[in-house]
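To start, the structure itself, in structure tokens.
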Amino acid sequence: MSKTIPLHADTVGSYLRTEPLKQARVKFSDGLISRGELTRVEDEEIAKLIQAQLDAGIQVITDGEFRRAFWHIDFLENLNGIEGYIPEHGYKFNGVETKAYNTRCCGKVSWNPDHPFIEHFKKLDKAVAGRGTVKYTIPSPNQLMYPVQWDTGVYATRAEFAKDVQQAYIDCIKAFYDAGCRYLQFDDVYWGSLCNNHEKPEFAADKAQALENIQVILAQKPAGMTITTHVCRGNFRSTYLLTGAYDPVAPELFGQTAYDGYFLEYDNDRSGGFEPLKYFNDNPHKGRIVLGLVTSKFPELEDKAAVKARIEEAAKIVPLDQLALSPQCGFASTEEGNIMTEAEQWAKVRLVEEIAAEVWGED
């Protein structure tokens, strides 16, 4: 019997970088080792990571984003028409700032048929060798909708720019599908920024563009492919970037987009309550709501009974079988990672698996 994806115990995607990987990336940056040597270390550490995920009981396997510095930039700067550059400042989180690096439009945008992520997926799929459900994560097309990304003089309007981004993603999805990918996730801070900035005058236009991007792209999704989204509020060294409940975007995001699953941050009151999930019940494209009730930001383990009580609360709005559980975000959205040990990270993953097994039984 085929499994419904997302599984009742799932994962957002990124994991803490291991010490050998960190050392190799520093040596490569300093010119002490070759690209080939770094790739060899990445391959070795990803193989270990796959086994660690299996040992923790999780059945959804990722490469932990071990080949990336950022969760999004490494993908975006390898699209045609998008370049990486060094701005004056990095992303400003709550009390801390990332290293200064970003992307911007430098030409007409299109899919790059030589995009390295396709080969990265193939390597992951081969290494997993059928021992779990392979999941690959990429940033949402909405991550390019900020003025700093698109308003560089190449395109006259954002709408014109968005059309090319949409086609690039349609071609991207096909490339992943042709490579054998059947579980793809769009990580999306843009919806989180809309929740945070819903009182700004540009909110309605920004939300409409975000919705259009997703609807157009998912309308071309190949049959048999699962595409989910993770709505994030920022994740850097255990800090956050945004606040705000889902209410301002819920009718569109939960009620109209054709995602197969929605990974939602619910580890604290910054994300509000479950009430906005009511719009999901009216969505003709039935998927699953994945409750991020186990935080990836701090090492302390959640109380099982408290997590189960919150699942029961959400089940009053969305049927229990259409709910699932995961960490609220990845453990390392950037290579720096959140402030916890690898052992503490795996304890969190095991907790998700244990609670899901007790609530829903085995997938």
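For the range 51-87, what are the residues that are in a helix (DSSP H, G or I) and open to solvent by 10 Å² or more (accessible area, probe 1.4 Å)?
Q51, A52, L54, D55, D74
Using the structure shown, decide if S296 is at pLDDT below 95, of a type outside the set (A, V, I, L, M), touching a Phe, Trp or Tyr at 6+ places or on another chain (Cβ under 7 Å) and open to solvent by less than 40 Å² (accessible area, probe 1.4 Å).
Yes, satisfied.
In the range 135-157, is there at least one residue being touching a helix residue (DSSP H, G or I) at 6+ places or on another chain (Cβ under 7 Å), among the small types (G, A, S) and farther than 25 Å from F203 by Cβ?
Scanning the range 135-157 turns up no residue that is touching a helix residue (DSSP H, G or I) at 6+ places or on another chain (Cβ under 7 Å), among the small types (G, A, S) and farther than 25 Å from F203 by Cβ.
For the structure I just gave you, tell me whether K48 is in a helix (DSSP H, G or I), open to solvent by 60 Å² or more (accessible area, probe 1.4 Å), without any contact (Cβ under 8 Å) to a residue 60 or more places away in the chain and among the basic types (K, R).
yes
Going by the structure shown, is R131 of a type outside the set (V, I, T), surrounded by fewer than 21 Cβ atoms within 10 Å (Cβ to Cβ), in contact with a Pro (Cβ under 9 Å, 6 or more places away or on another chain) and modelled with pLDDT of 95 or more?
No; evaluated as a whole, the condition is false for this residue.
Which of the residues belonging to the range 12-45 are small (G, A, S) and in contact (Cβ under 8 Å) with a residue 24 or more places away in the chain?
If the condition is that a residue be small (G, A, S) and in contact (Cβ under 8 Å) with a residue 24 or more places away in the chain, then G13, S14 are the ones that fit.
Kindly provide the set of residues from the range 103-126 that are modelled with pLDDT under 95 and either open to solvent by less than 20 Å² (accessible area, probe 1.4 Å) or closer than 17 Å to I50 by Cβ (or both), ordered by number.
Within the range 103-126, T103 is the sole residue that qualifies.
Take the conditions touching a strand residue (DSSP E or B) at 6+ places or on another chain (Cβ under 6 Å) and in a helix (DSSP H, G or I) and apply them to V290. Does it pass?
Criteria not met by V290.
Out of all the residues in the range 166-202, which are in a helix (DSSP H, G or I), open to solvent by 30 Å² or more (accessible area, probe 1.4 Å) and not β-branched (V, I, T)?
Q167, D171, K174, Y177, D178, N196
Is the range 246-265 home to any residue that is open to solvent by 20 Å² or more (accessible area, probe 1.4 Å), free of Cβ contacts under 8 Å to residues at least 40 places away in the same chain and in contact with a Phe, Trp or Tyr (Cβ under 7 Å, 6 or more places away or on another chain)?
Among the residues of the range 246-265, at least one is open to solvent by 20 Å² or more (accessible area, probe 1.4 Å), free of Cβ contacts under 8 Å to residues at least 40 places away in the same chain and in contact with a Phe, Trp or Tyr (Cβ under 7 Å, 6 or more places away or on another chain), which makes the answer yes.
Here are some residues: V318, V290, V307. Which one is open to solvent by less than 10 Å² (accessible area, probe 1.4 Å), farther than 15 Å from A357 by Cβ, more than 14 Å from the chain's Cα centre (by Cα) and modelled with pLDDT of 95 or more?
V318
Take Q209 and tell me if it is within 20 Å of the chain's Cα centre (by Cα), open to solvent by 60 Å² or more (accessible area, probe 1.4 Å) and at pLDDT 95 or above.
Against the criterion (within 20 Å of the chain's Cα centre (by Cα), open to solvent by 60 Å² or more (accessible area, probe 1.4 Å) and at pLDDT 95 or above), Q209 does not qualify.
Tell me the residue from S34, S29 that is open to solvent by 50 Å² or more (accessible area, probe 1.4 Å), of a type in the set (G, A, S) and at pLDDT 95 or above, please.
Criteria check complete, one pass: S34.
Among (1) among the aromatic types (F, W, Y); (2) modelled with pLDDT of 95 or more; (3) open to solvent by 50 Å² or more (accessible area, probe 1.4 Å), which single condition is Y155 missing?
Evaluating Y155 over (1) among the aromatic types (F, W, Y); (2) modelled with pLDDT of 95 or more; (3) open to solvent by 50 Å² or more (accessible area, probe 1.4 Å) leaves (3) as the failure.
The values are calculated or read from the model by the stated rules, or taken from the named source; none is laboratory data. Keep in mind it's a predicted model, so treat the numbers as computed, not measured. Cβ coordinates were reconstructed from backbone atoms using ideal geometry, including for glycine residues, and neighbour counts include every protein chain displayed. Accessible surface is based on the protein model in full, side chains and every heavy atom, while ligands, DNA and RNA are left aside. Shrake-Rupley method; radii C 1.70, N 1.55, O 1.52, S 1.80 Å.
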